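Here's the structure, in structure tokens; my notes come after.
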Amino acid sequence: MSQDAFKTLKEFKISDSKKGKFYSLPALEKKLGAKISRLPVSIRIVLESVLRNCDGKKVTEEHVKQLANWGATAERNDEIPFVVSRVVLQDFTGVPLLADLAAMRNVASKMGIKAKNIEPLVPVDLVVDHSVTIDHYREKKALDLNMKLEFSRNNERYQFMKWGMQAFDTFGVVPPGFGIVHQVNLEYLARGVHKVAKQDIYYPDTLVGTDSHTTMINGIGVVGWGVGGIEAEAGMLGQPVYFLTPDVVGVNLTGKLIEGVTATDLVLTITELLRKEKVVGKFVEFFGSGTETLTLTDRATIANMAPEYGATMGFFPVDDATLDYFKGTGRSKAEIDAFEAYFKAQKLFGVPKKGDIDYTKEVTLDLSTVTPSLAGPKRPQDRIEIGHVKSTFTDLFSKPVSENGFNKKPEDLNAVYENADGVKVKNGDILIAAITSCTNTSNPSVLLAAGLLAKKAVEAGLKVSPHIKTSLAPGSRVVTKYLEAAGLLPYLEKLGFGVAAYGCTTCIGNAGDLTPAMNEAIVKNDIVASAVLSGNRNFEARIHGNIRSNFLASPPLVVAYAIAGNVTRDLMTEPVGRVKGKDIFLGDIWPTSAEIQKLMKFAMNSKTFKDNYADVKGAPGKLWEGIQGVAEGDVYNWPNSTYIAEPPFFNDFEMTPKAAATSITGARALGVFGDSITTDHISPAGSITESSPAGKWLLANNVLKADFNSYGSRRGNHEIMMRGTFANVRIKNKMIPLKADGGQVEGGITIHQPTGEQMAIYDAAMKYVADGVPTMIFGGEEYGTGSSRDWAAKGTQLLGVKAVIVRSFERIHRSNLVGMGVLPLQFIGDDSVQTLGITGKETFDLKGLDGEIKPQQNATLVIHREDGTSQEVTVLLRIDTPIEVDYYKHGGILPFVLRQLLAA
């Protein structure tokens, strides 16, 4: 079949002297008689990919027709094969993905097949941004010292990455010290449109990334979202990204933000609004007159938070603001001309007005109603107006854990404790204040606002207490350049917010430790301490294991709260601080929009962007260039390492898959959990303790405690990762009896049945595996929310878990479970762990999945209780699409793709 089955390959004018070809959606509209011009813009961009890649095999004419006739409120049964233009990785997910590719080459080599057959078929960029930790801060050489520590800790990983650069033709690395993947993607990697050079065919930039916040790129009109490393791996090896045709929720923004309100306040409002609208698994597309008033970087801030409101994407169409951003960030005139001409030729240019597009549902937000806010203390969707932060914390302080509280005595709220260093500390005290990368540091308006607030605060004589761990981790080196040019960096430094790293730090638990004296005081006195950060995630134990109250805030509010020192100070009515008997209020130091706007000229200097990113390939830095001992060749030799190990997912690989065992008999519960179990709870993250199974393994392998590093840095070693799965210090397994005070026991422990012995989840899992007993995980609503950590699924599989049965799944984790050959199942109606009385003492059978599996079919869970009675419950199989059935039959997506590649 001709690729141009619909005769839509047309010519378009780029300039007076240049023309290009494109697969025309207007031409397809005429050909099919479908109302393509009324489809959401994001759906049309996906449709272009389906049309262009129509080959009659993986992508058929029927796929094109189905998507072209997308109905706003139709049933969602059609599967879209979406071929992306490129793949973006961050290093925590990128290293295990590279390890899987290397292991695939080992299989090919052993079978006598050319190893180079395993090669990414689309460009892949890995940005090293997750490996730096804030060990040094509030000192002049903090950045340099933290980077040197980063390289010494991660030398083996960086050697492996450098091997990957020479082994694979389409695999590139942005070395440490340039910034966070999302901002580098926005400022540098994104091209707007791509071109098939020999055929002069242009097509839009699309991607998937191995970080849930890949959606930041939606701010510049690029269709893309976060997937697990498992899906990304398949995508880069030629497999389309398959997903069900989505609902698209249109968000009509009206009005304009008022004075004193930041983009962060807006995004926290949108997160709260859209969580209530239940947009999980849906596309969200912004339109209307209010959207046009937002700067490109404001749009990127909103798009970044799509995982927090649960959407697959938070998409903004391309318009003049997009082109201005491309000009300001140093893209070439030829690129920008092609970008503009292409989107206009496709009739995709400009922000739609109300009534232009047929959306599944429309939601309206008047921007003028947005007020200064924070979110927390445990979830990003729990927005709090700034005037209610004090009362909210005070209220939660004594509420039970079941009501999201801290279960403390009200009279303890103002108790003062002194640590061994003589520092006085009390509940609500801010111990970490971080202007951290990701959501906000791509946005000059809030960074300049933080700098201006710092300037006014310093001039007023305000200070930040020295025991507060303060840091600035810009998402790009460009941020430092414009803060210096605007003359604001010295003021931030005086308050402790000096540049400590470029990369993802506090937001993923890389804040570094507190002092031993502070840790001891918190644990001994059960202090509910606080962190304030400008990131997007504040789940329990994510920021620091001993800090239980975490608030998301705009960069200027991070600085203000650092000065105030405690979240029980109401910054709307009480002073931020007191200098020489004079009260200084937030209004006294808050910058005006005019002051911010006056400095914006420093933020969009195209030469600065060009010079900065020229160094990626030209002069990436002495530390990167100095890495020695890099392996060479197409096949990796797997030297002895506690960081990188050959993954076990292809052990006993055969070209013919073994029949998938779908019926499960005599299973035991490995864990019974509540609502909002995040991938932070499931996947190994943060620091490794000596007493944990992972810590014991490292000690047994002659690794000193000082050299443990983090779970994230050791994602390339399955021995560490499987031992750290479900090992989060804040996870609550309902199989464990309550404490004497009625509180839930925390930590990665379970009860091994039928012995009744309490032990680490890993240890119990290995006993079950040794005895040939299958296991299941049970949970509540929103199971698997949070970062797209593939190890949350890989670790679950390696622990021997056959099925995960919950009330509802977050999108990426459900997909990843299927990708690893683990059955995701959902309770139906009002059924739940609570209503069914599941305690973990039962045994379980799963029936009804023998023979040919069908997407979203029913199955039967049989619960055998201790008293000899049984109960049958209908559950929904969340293998959602036909291709996922194939993945499961092959034992997961990785063996499926490998068999395809080796058979080619």
Practice problem: Return 850, 831, 100, 200 ranked ascending by Cβ neighbour count within 10 Å, so the fewest neighbours appear first. | Solution: 850, 200, 831, 100
Quiz item: What's the center-to-center distance, using Cα atoms, between region 458-517 and region 817-863 in Å?
Solution: 48 Å
Quiz item: If amide H atoms are built 1.01 Å from N in the plane of the peptide, which residues on other chains or at least 5 residues away come under 5 Å of the amide H of residue 255?
Solution: 290, 367
Quiz item: Gain in length, residue 831 to residue 675, computed as 0.36 nm per residue apart minus the alpha-carbon separation, to one decimal in nm?
Solution: 54.8 nm
Quiz item: What relative contact order, as a whole-number percentage, does region 648-903 give when Cα pairs under 8 Å and 6 or more residues apart are counted?
Solution: 23 percent
Quiz prompt | Debye-sum result for region 373-572 in log10 I(q)/I(0), which assumes one identical scatterer on each alpha carbon, at q = 0.08, 0.10 Å⁻¹ | solution = -0.24, -0.38
Quiz prompt | Farthest positive-ward along the chain dipole, Cα basis, beta-carbon charges - from 833, 297, 597 | solution = 597
Practice problem: Calculate the tail of P(r) for region 383-422: the fraction of all Cα-Cα distances greater than 10 Å, expressed in %. | Solution: 73 percent
Practice problem: As a check on your grasp of the helix formula, calculate [θ] at 222 nm for the chain: sum -39500 (n - 2.57) over DSSP H runs of n ≥ 4, divide by the residue count, round to the nearest 500. | Solution: -9000 deg cm²/dmol
Exercise. Using only the alpha carbons of region 793-904, determine the length spanned along each of the three principal axes and report them from longest to shortest in whole angstroms.
Key: 55, 27, 26
Practice problem: Using amide H atoms built 1.01 Å from N in the peptide plane, name the residues 5+ places from residue 384, or on other chains, whose amide H lies under 5 Å from its own. | Solution: 374, 375, 376
Quiz item: Taking only C-alpha pairs under 8 Å that are 6+ residues apart, what is the relative contact order of region 9-68 in percent?
Solution: 25 percent
Quiz prompt | Burial order of peptide ranges 775-787, 883-895 (average beta-carbon count within 10 Å, highest first) | solution = 775-787, 883-895
Quiz item: Any idea what Rg and Dmax come out to for region 1-155 if you just take the C-alpha atoms, in Å?
Solution: 23.1, 66
Quiz prompt | Alpha carbon convex hull of region 487-597, volume per residue in cubic angstrom | solution = 150 Å³
Quiz item: Using mean Cβ contacts within 10 Å as the protection proxy, how do 543-552, 174-183, 270-279 order, highest first?
Solution: 174-183, 543-552, 270-279
Quiz item: Could you name the lysines in cross-link range of residue 65, using Cα to Cα under 16 Å and dropping any fewer than eight places away on the same chain?
Solution: 7, 30, 31, 35, 57
Quiz item: If the convex hull of the alpha-carbon atoms of region 569-666 is projected onto planes in all directions, what is the mean projected area in square nanometres?
Solution: 19.9 nm²
Practice problem: Might you report the magnitude of the Cβ-based charge dipole of region 648-903 about its Cα centre, with Lys and Arg at +1 and Asp and Glu at -1, to the nearest 20 debye? | Solution: 480 debye
Quiz item: What area, in nm² and to one decimal, does the C-alpha convex hull of the chain cast on average over all directions?
Solution: 35.9 nm²
Quiz item: Could you name the lysines in cross-link range of residue 18, using Cα to Cα under 16 Å and dropping any fewer than eight places away on the same chain?
Solution: 10, 195, 198, 333, 344
Quiz item: How big is Rg to Rh over region 9-68, alpha-carbon atoms, Rh as the Kirkwood inverse-mean-distance radius?
Solution: 1.02
Quiz item: Amide H to amide H, which residues 5 or more places from residue 82 or on other chains are under 5 Å from it, using H placed in the peptide plane?
Solution: 241, 242, 243
Quiz prompt | Semi-axes of the equivalent ellipsoid for region 648-903, Cα gyration tensor, largest first, Å | solution = 27, 25, 16
Practice problem: Report ³J(HN,Hα) in whole Hz for each residue of region 248-262, in order, from the Karplus equation J = 6.51 cos²θ - 1.76 cosθ + 1.60 where θ = phi - 60°; Gly and Pro get x. | Solution: 10, 8, x, 10, 8, 8, 10, x, 8, 4, 8, 4, x, 9, 9
Quiz prompt | Relative contact order computed over the chain (Cα-Cα under 8 Å; 6+ residues apart), in percent | solution = 13 percent
Self-check item: Centre separation in Å (Cα based) which lies between region 723-757 and region 80-146
Solution: 34 Å
Exercise. Just order 412-421, 728-737 by mean Cβ neighbour count inside 10 Å, highest at the front, would you?
Key: 728-737, 412-421
Quiz prompt | lysines whose Cα lies under 26 Å from that of residue 622, excluding same-chain neighbours fewer than 8 positions away | solution = 140, 141, 148, 162, 481, 607, 610
Quiz item: Tell me, what HN-Hα J-couplings in whole Hz come from the Karplus equation 6.51 cos²θ - 1.76 cosθ + 1.60 at θ = phi - 60° for each residue of region 760-773, using x for Gly and Pro?
Solution: 4, 4, 4, 5, 5, 4, 5, 5, 5, 4, 4, 8, x, 9
Quiz item: Can you pull the semi-axes for region 386-459, root of five times each eigenvalue of the Cα gyration tensor, sorted largest first, whole Å?
Solution: 31, 19, 12
Self-check item: Of 687, 212, 236, farthest towards positive along the dipole that unit charges on Lys, Arg, Asp, Glu beta carbons give the chain
Solution: 236
Practice problem: Tabulate in residue order the Karplus-calculated ³J(HN,Hα) for region 167-179, using 6.51 cos²θ - 1.76 cosθ + 1.60 with θ = phi - 60°, rounded to whole Hz; enter x for Gly and Pro. | Solution: 7, 10, 6, 10, 10, x, 10, 9, x, x, x, 9, x
Practice problem: Give the Kirkwood hydrodynamic radius (Å, one decimal) of region 737-841, defined as one over the mean of 1/r across all pairs of different Cα atoms. | Solution: 14.9 Å
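Bear in mind these aren't lab numbers, they're just calculated from the coordinates by the rules spelled out. In this text the structure is predicted, and so the values were computed from the model without any measurement. With ideal geometry, Cβ positions are generated from the backbone for all residues, glycine too; neighbour counts draw on all protein chains shown.
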